[in-house]
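Participant: Provided herewith is a single structure, encoded as structure tokens, for subsequent inquiry.
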Amino acid sequence: MRAALPAVEAVFDLDGAERRAAERRALDALWTDDLSGLFDAVLPVWRAAAEAGHGLIGAQFVP
């Protein structure tokens, strides 16, 4: 869990233009217009689990 956290953080480390492009791709792939929490909710869950010394059984987020 702790070893994987830097890679997960890197995936979500997007600047403004990169984030907008990623959101557009997600909207196209997920066939939804509601991305509430998709980009902002994942990383805190991983960080909290790592800080508590816990793991994650599943890390799939579906808006």
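Participant: Scanning for something aromatic (Phe, Trp, Tyr), modelled with pLDDT under 90 and touching a Leu at 6+ places or on another chain (Cβ under 9 Å), does region 9-18 turn up at least one residue?
Facilitator: Filtering region 9-18 for residues aromatic (Phe, Trp, Tyr) gives 12.
Now restrict to residues that are modelled with pLDDT under 90: 12.
Subsequent filtering for residues that are touching a Leu at 6+ places or on another chain (Cβ under 9 Å) retains 12.
The answer is yes; a qualifying residue exists.
Participant: Which residues, taken from region 1-35, are part of a loop (DSSP other than H, G, I, E, B) and under 30 Å from His54 (Cβ atoms)?
Facilitator: First, the residues of region 1-35 that are part of a loop (DSSP other than H, G, I, E, B): 1-4, 12-15, 31-35.
Once the filter is applied, which keeps residues that are part of a loop (DSSP other than H, G, I, E, B) and under 30 Å from His54 (Cβ atoms), region 1-35 yields Met1, Arg2, Ala3, Ala4, Phe12, Asp13, Leu14, Thr32, Asp34, Leu35.
Participant: Anything in region 35-51 that is among the β-branched types (Val, Ile, Thr) and either within 19 Å of Ala21 (Cβ to Cβ) or open to solvent by less than 30 Å² (accessible area, probe 1.4 Å) (or both)? List them, or say none.
Facilitator: Taking region 35-51 and keeping what is among the β-branched types (Val, Ile, Thr), we get 42, 45.
The one that is among the β-branched types (Val, Ile, Thr) and either within 19 Å of Ala21 (Cβ to Cβ) or open to solvent by less than 30 Å² (accessible area, probe 1.4 Å) (or both): Val42.
The values are calculated or read from the model by the stated rules, or taken from the named source; none is laboratory data. The structure presented is a predicted model; accordingly, all values stated were derived computationally and were not measured. Cβ atoms come from the backbone with ideal geometry, glycine included; neighbour counts cover every protein chain shown. For the accessible areas, the whole protein counts, side chains as well, though only heavy atoms, and no ligand, DNA or RNA atoms are used. Shrake-Rupley method; radii C 1.70, N 1.55, O 1.52, S 1.80 Å.
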